[in-house]
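To keep things clear, I will list the structure first and then write my remarks on it.
The values are calculated or read from the model by the stated rules, or taken from the named source; none is laboratory data. None of the values given here were measured: they were computed from a predicted structure. Here the Cβ positions follow ideal geometry from the backbone for every residue, glycine too, while neighbour counts run over all protein chains shown. Accessible surface is based on the protein model in full, side chains and every heavy atom, while ligands, DNA and RNA are left aside. Shrake-Rupley method; radii C 1.70, N 1.55, O 1.52, S 1.80 Å.
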Amino acid sequence: HTHTHTQTQTQTQTQAATSPAKVPNQRCPQVSSSTVHPQQASNQASNQGLTQSPPVKAMSIHVDPVLLQTVRLRLDDYKSAAIHCKRISQTDRAVFLYDVAKELKTIEEQLLSGKKISTDLLPPPLEPSTVTGLNETDRRGAFDRIRNEVKKTLEDAKVKALTAMKAVPQQKDVALFHHRRMKRAETELLELAEREANAYQLPPKFHFDETSETTEIINTDVPADNLQLRIDRIVELSEEGLHLTYSLGFPSDAPITGTTHAVRKPFTEAVNYVINIPIAVKTAARAFEYRKVTFEVLQSRFLRKDKSFGKTEVKLNELLTKSEIKGVYPLVNESKKPIGGKLEISLRLRSPLKGKDIRTVVNKFIVVDEYPAPLRSDNAAHLLPPLAPESAPSRSANSPAPVSAPSAAVPPARMTTSPSSSPGMDAPSSRPNPPVSTGTASSSAAEITLDPAEYPPEELKDPHSLECLMSNNVLEAELTEVKKQEEVYTSRGAKMPAALMERKRGLEFKMQLLVTCVETGKLTIETYVSTLKQKIEHDKKLCVWLNQHNRQADAVRILKRVKIMSAEIADVEANADA
């Protein structure tokens, strides 16, 4: 009996010792989150005599999309401002802005991890002047200075083109050169106004070009065989009731003389006295070699002789080879000493008495260089959205957060749930917006990736900025919508927002610029149609991307402009065939 008990105990110990080695030969249940529900896996483990810790429930992360978008936009602003300050050697300012940008990056990461952030913790939004480094007055002043120079170039080109066309014979090459200058200046004025409307656009650099041309000076406004005498102003004399007398000193028997009207406020007011005096060219040539014109300033006094305030003389010999003498001449007394006061005078002939007045004229005109890239594409379209209130209802666990234009460094936030959830479990309380049909791809297709070179971050943030609009009909449609909003504000007696006014002005200028480019031949109809066709394909792909990122409102708006461009192309091609 003792031997039998010992043998039985030995067999039991042997089985206990070998049992772990037999476990791998058994089909041990494997828990797979993709094929087996956690409750089923627990039941199988219990049936096999194994213990298992309770399944961990998937955590859902709630991200406030509006707040996240605000943080990212503000982060871009601070980065841009820091880079700009570094370029202009404001190192301390750049370091400060970069530190704030790092704080915003930390806040962005906390939001993506599900942490609730109060809006009070956000740094304040930057003014455009902080981003550009120029206050608005200085920025617009810089644009005004460039605009004034361009206007001078435009007026100079108009005058010279008209003069060349009226010349005998016509100087067609010269007229064409100045006509091109005139059209270029008109285009530059339109672009200046469009760029200035964007508060984040820095003024362009510019330089001056000079061209010299040899031309004959002919005063076409002076009648032939006439001497035009012009007294423009009396300066540095404060007395009232002044008038002038003049004497040409020829002919010898009856010198030509005259008197101007009285000047009430000579210190500031121009005289603007002009008279054309007929002369005999043959006899005048000899007289002009030795004669001079004498001017005297007098003050009328009641019942007394006029009081003299000085005389000045202008020699006529320069009119033998020049068509004009112009200058400011001091008044002197009988002893030829200056007594104060000056006369601004010009003497003009249609052409010199001897030969021609040939001069080399230097034309100096401004050339606007390339514009720096705007630190934001459009001020009106980049207004920061309002922050979501703290008491706003939370999104369901399964609803994706519509994050606009995710940064390349941080992927958009997604909600994680258990993959094995059945349709009847953890159903979302609300459904996402229905996808928009683009006519080319479904929103249920695989997520597309856009090339950053073709779709820059600025376009993804705001696909409706002026830089994204290339069609004349689309610009007209956008302008119509802005005018409707303007009517609403007017009917309510409210002031139209500055951002909306800037967008309206930008749309109008871009339409004018497009028309000017077509009229001057810089843009042909074929090139325009080809550009629109490429833009349509570009926008269709962008529409799909926006649809997949739950930006249905943007997708609908872009789809609308795709239809407008398609109709415009069809209309242009139909007219071409006709």
Could you tell me the convex hull volume per residue, in Å³, taken over the Cα atoms of segment 203-335?
198
Hey, if you put +1 on the Cβ of every Lys and Arg and -1 on every Asp and Glu Cβ in segment 479-524, which of GLY521, MET501, THR480 ends up farthest toward the positive end of that dipole?
MET501
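For the peptides 128-134, 77-83, 289-295, what is the packing order when you average, over each peptide's residues, the other Cβ atoms within 10 Å and list the highest mean first?
Values: 128-134: 20.0, 77-83: 21.7, 289-295: 16.3.
Top to bottom by mean Cβ count within 10 Å: 77-83, 128-134, 289-295.
Let me know the charge dipole size of segment 514-562 about its Cα centre in debye, to the nearest 20, where only the beta-carbon of Lys, Arg (+1) and Asp, Glu (-1) is charged. List each step's numbers first, then the result.
Details: 9 positive and 5 negative charges, 43 e Å.
I would put it at about 200 debye.
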Residue by residue through segment 313-326, which ³J(HN,Hα) values in whole Hz follow from phi under the Karplus form 6.51 cos²θ - 1.76 cosθ + 1.60 (θ = phi - 60°), with glycine and proline marked x?
10, 10, 6, 9, 5, 5, 6, 5, 10, 10, 8, 7, 10, 9
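Mind running the shape call on segment 81-131? Use the C-alpha gyration tensor, a ≥ b ≥ c as the square roots of the eigenvalues: rounded below 1.5 for a/c, prolate if a/b tops b/c, oblate otherwise.
Prolate shape, in that a/c is at least 1.5 and a/b is the bigger ratio.
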What pairs in LYS79/LYS535; LYS158/LYS354; LYS461/LYS483 have C-alpha atoms more than 26 Å from each other?
LYS79/LYS535; LYS158/LYS354
Per residue, in Å², the accessible surface of segment 223-346 once ligands and nucleic acids are set aside, probe 1.4 Å:
57
Express the carbon and sulfur contribution to the solvent-accessible surface of segment 87-229 as a percent, rounded to the nearest whole number, probe 1.4 angstrom.
53
What ranking, highest mean first, results for peptides 357-363, 327-333 when packing means the other Cβ atoms within 10 Å averaged over each residue?
327-333, 357-363
Cα gyration tensor, segment 137-258 - rounded (a/c under 1.5), prolate or oblate:
oblate
Positive end of the charge dipole of segment 63-148 (Lys, Arg +1 and Asp, Glu -1 on Cβ, about the Cα centre): tell me which of LEU112, ALA142, LEU67 has its Cα farthest that way.
ALA142
For segment 292-308, Karplus-derived ³J(HN,Hα) couplings (6.51, -1.76, 1.60; θ = phi - 60°; whole Hz; x for glycine and proline) come out as 8, 9, 10, 10, 9, 9, 10, 10, 6, 10, 5, 6, 9, 5, 4, 8, 8
Over segment 60-151, with the other protein chains present, what is the accessible area per residue in square angstrom, probe 1.4 angstrom?
53
Would you give the gap between the C-alpha center of segment 304-344 and the C-alpha center of segment 540-578, rounded to a whole Å?
73
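Need one word for segment 449-517: rounded, prolate or oblate. Basis is the Cα gyration tensor (sqrt eigenvalues a ≥ b ≥ c); a/c below 1.5 gives rounded, then a/b vs b/c decides.
On the way: a/c = 2.82, a/b = 1.62, b/c = 1.74.
Since a/c reaches 1.5 but b/c is at least a/b, the shape of segment 449-517 is classed as oblate.
What's the magnitude of the charge dipole for segment 188-268 around its Cα centre, counting Lys and Arg as +1 and Asp and Glu as -1 at the beta-carbon? Answer in Debye, nearest 20.
Numbers: 6 positive and 15 negative charges, 95 e Å.
Dipole about the Cα centre, nearest 20: 460 debye.
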Summed side-chain charge close to THR360 - residues other than THR360 whose Cβ falls under 15 Å, Lys, Arg +1, Asp, Glu -1:
+1
